[in-house]
Structures are given as C-alpha cells and as structure tokens.
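The values are calculated or read from the model by the stated rules, or taken from the named source; none is laboratory data. Every value quoted in this text rests on a predicted model; they were computed, and no experiment measured them. Note that each Cβ is placed from the backbone with ideal geometry, even for glycine, and that neighbours are counted across all protein chains shown.
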Amino acid sequence: MQKPITPEVIAAYANCPRMAFLLLCTDERGTPHDYPCVIAQQRRVNQTTYINALKQEHPDAVSYDGRLPDAGQGVLLAATLSTQEFEAFCDVLTPVGHGASSPRPQQPARTSF
C-alpha cells in the first residue's frame, strides 16, 4: 500500500520535488536543520496558546474521533480527514451556518440593447 500524500509531502514538494519523493517512497529520515526545528517549536507554542483560548471560549469543544458530531455540537479539535490517497490534519473545525454549501442563486442574464 502506498503512503498517503500528506500536507508535509506537499510542502516538501513546493521546496524540493526530490524531498517529496523521498518522503513518499523511503523510510529514511535525515536530520533537520535548526531553523525548521525552531519554527516547528514556535508553531507548537502558538497552536497550544490558541487552542487553550478557544477551549475557554467554547467549553463544549471536543476532539474529533472520526464520527460525525451530535447536532448542535460546536468546535471539533484535532481532526484528521483522510481518503484513500490524501490526508489532511485540521487543528480546529468550526460549524458554518445553514445553507453555506448550497449553490448561489442564478443572476439574471444581462442583455445589451
């Protein structure tokens, strides 16, 4: 079975197609440079701060476990959405208003005289 194409692979491909190939097709891991490690650490700090503030604002926030939430459930945390070939991780999923995914009404055609 092939590995899924993750956001890490897509980001790697944007920087270096060979890096993306190695991530997908080998199990070898090199040692990262200091800069990506510092950026990753800062990202974790910012993420933790944001999620803690969000939990205070929305105490009903729960971790996503792969099942659809009950009606009226608020914020979902740490959701991994995947298909056979793709995978995406979402730190936070928030509900949208009703009808947000419904098609927009057709605009009347303009005519010139």
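Of note:
- First in the range 44-57 and closer than 16 Å to Cys90 by Cα and in the same structural domain as Gly74 (by TED's automatic domain parsing), second anywhere and small (Gly, Ala, Ser) and outside any helix (DSSP H, G or I), Cβ under 8 Å, 6 or more apart: Leu54/Ala61; Lys55/Ala61
- Contact annotation: residue pairs with Cβ atoms under 8 Å, 6 or more positions apart or on different chains, pairing a residue in the range 72-94 that is at pLDDT below 80 with a partner that is among the hydroxyl-bearing types (Ser, Thr, Tyr), are Gly74/Thr94.
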